[in-house]
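Coordinate-derived values only; no laboratory data. Everything numeric here is computed off the predicted structure, so don't read it as measured data. All Cβ positions, glycine included, derive from the backbone under ideal geometry; neighbour counts span all protein chains shown.
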């Protein structure tokens, strides 16, 4: 009797697991499918944007080679370096802003604290590109819309509003016991020392989360780059370059290279995510446990 | 405003006269005026591989005008996006830039383009066909120096169709597979316009609205429904037309000069180019009529050095510059003298584009209400492709399209 029961429970679990796994497998295929298709397209030897077969008839590396050698119309290597530079700089800057602001709002008590948080909340409801044209004219008034200064303008753009995106990091800092801070204060630490020597080392997951999102934003942004770069082709970022490859004059000859470009720009993000993913999950689930 | 522009135009003319005297006066070049001109063009015009047309032409211009010490600043903006970029910040934009004429109304409204008057207007009129000049004219004033026409025509496989066949779409459909971008509202109206539908009267009378309704339009819709059912017809979308030419599953497609190299590669010596065919509607031959426009060079009214800028615009649109453009980049010229030259007149691509422009097209209206015309037509095309538009509801659907084209949708 009891043997039979055990058997049926096992069986039940097996069936459940099978169903769950099949469903997950189907979903995984659906999700991975477009990515797989882009990768396939990037290795496709036949030209053009439309093909009648899913799998390319022949494979080649030329699409990648072309991206880096044919700089006559679209200078991809330069765009890639521009984007990388802008993304790294604004990543460093905005991570610092976010962490510093979050720390202040979490630990310090000052008059403007509540009003500031409310204001940030309300401002956060508006999409950033609403202010796009205004931002452009402010940058122009500062003389940042010509030549190499455009890069600085882009960095400012991407990191400038970072102080408003403190919510998640603040939530994380709130979970670190205040007693740790107090102990440090008694031992004679300044606020800066508490922040840099105690809070930050305890907050690895959220730092990594912040860095990741701060890197992603400029890396994939199109609108601001487009508005600020205008006709300065030497300052274009990858997003603008990829967009241009799909214009009607270029699409036929550049389509496969477009796919190659798309694969290439996803590599840095993919590496970052893969190597940091375990912290990423921790970062969103809270800090000191127990 | 008008007076200001008139004064500006007068100032241009006056200073041209002064500058003219200047050349004769000081040949030592000691008093050369320092000039900074920002020029925007598509990136191919500036790339080494296609001969740096822009830089070369600008240098030549500088040589021909020793009275100015010109510094050129080049920027990248193609004809379709340049008007928008200039509008964003006219003061920090190119002095001389290129645009497609469908952006003209918006450019005039935003005051980002100067009128060409006096001898410049005469020169433009003298070297171009009246249709092209008209495509850049609003209220009797010319706003740009044209350098090429912009329209679409037909590519076909000579081994499948004879020159007789390509005169009629239905004849072609009996012999081979034809692909048409039915869901693209730049192409689809060709059938409707051919059968007497009109847009804004002659294209400039905005108050007259669009006439894509009525019996003649319903006939066309019915024709298109049958066309989609034809086993030899393919809807060209997302580049399926050119892909079909490559693998041989399609023998004719409709596109513009930008696809010429790809078609040449696909068909080789069998590449045929022709103006738009007719189609047979209720036993009668009806000519398809494409939208046509032009690409031209504009001068920004915020330009500091107006005379050199206007002169440069004229120079970039001159016969010599157009010829170089044609040789280096295959940009089809529109200068009437050039078109008469043997080497250019014998190019089938040039012939097809110009025949389309002159005979089988209407000037694409650039009135502001034209913006309302794109989506309804596209939806009609998609409806026909998806078979939601049928013979039974063709009349209602056509009327609905007409109504939507005549309203702003807000």
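Taking every DSSP helix (H) stretch of at least 4 residues in chain B, weighting each as -39,500 (n - 2.57) and dividing the sum by the residue count yields a mean residue ellipticity at 222 nm of -12500 deg cm²/dmol. Build a GNM of chain A with springs between Cα atoms under 10 Å apart, and of A:33, A:222, A:14 the one that fluctuates most is A:14. The distance from the alpha carbon centre of segment B:237-252 to that of segment B:352-397 is 22 Å, rounded to a whole number. Entry note, segment B:102-145: relative contact order of 46 percent, from Cα contacts under 8 Å with a spacing of 6+ residues.
DSSP assigns beta bridges within the protein assembly as shown; of those with both partners inside it, close to 60 percent run antiparallel.
For the residue pair residue A:38 and residue A:110, what label-to-label distance in nm results when each label sits 7 Å from Cα along the Cα-to-beta-carbon direction? In this crude label model, residue A:38 to residue A:110 measures out at 4.2 nm. Give, as ranges by residue number, the residues of segment B:294-335 whose backbone N falls under 19 Å from the point 7 Å along Cα→Cβ of residue B:91. Under 19 Å, as judged by backbone N against the label point of residue B:91, lie B:300-306 of segment B:294-335. Within chain B, the ratio Rg/Rh, alpha carbon atoms throughout and Rh by Kirkwood, equals 1.01.
Taking every C-alpha pair closer than 8 Å and separated by at least 6 residues, the mean separation divided by the residue count of chain A gives a relative contact order of 31 percent. Centroid-to-centroid, using Cα positions, segment B:44-98 and segment B:256-325 are 19 Å apart.
Say a paramagnetic label sat at a point 7 Å from the Cα of residue B:215, along Cα to Cβ; which residues of segment B:278-316 have their backbone N under 15 Å from it? Under cut-off, by backbone N: B:282-284. Helical content alone sets the calculated 222 nm signal of chain A at -23000 deg cm²/dmol, taking -39,500 (n - 2.57) per DSSP H segment of four or more residues and averaging over every residue.
For chain B, modelled as a GNM whose springs connect Cα atoms under 10 angstrom apart, the maximal fluctuation among B:351, B:80, B:92 occurs at B:92.
For segment A:174-224 and segment A:23-40, what is the separation of their Cα centres, given in Å? That distance is 36 Å. Here, segment B:148-260 has an Rg and a Dmax of 15.4, 48 Å when only alpha carbons are counted. Cβ crowding within 10 Å, taken as a proxy for footprinting-reagent exposure, orders B:58, A:157 from fewest neighbours to most as B:58, A:157. Remark: mean inter-chain Cβ contacts per residue of A:65-77 equal 2, using a 10 Å Cβ-Cβ cutoff to other protein chain atoms. The Rg/Rh ratio for the protein assembly as shown, using Cα coordinates for both the radius of gyration and the Kirkwood hydrodynamic radius, is 1.04.
The GNM of chain B, with springs linking C-alpha atoms under 10 angstrom apart, assigns the highest mean-square fluctuation among B:234, B:125, B:32 to B:32.
With R₀ set to 30 Å, the beta-carbon distance separating residue A:24 from residue A:246 gives a calculated FRET efficiency near 0.35.
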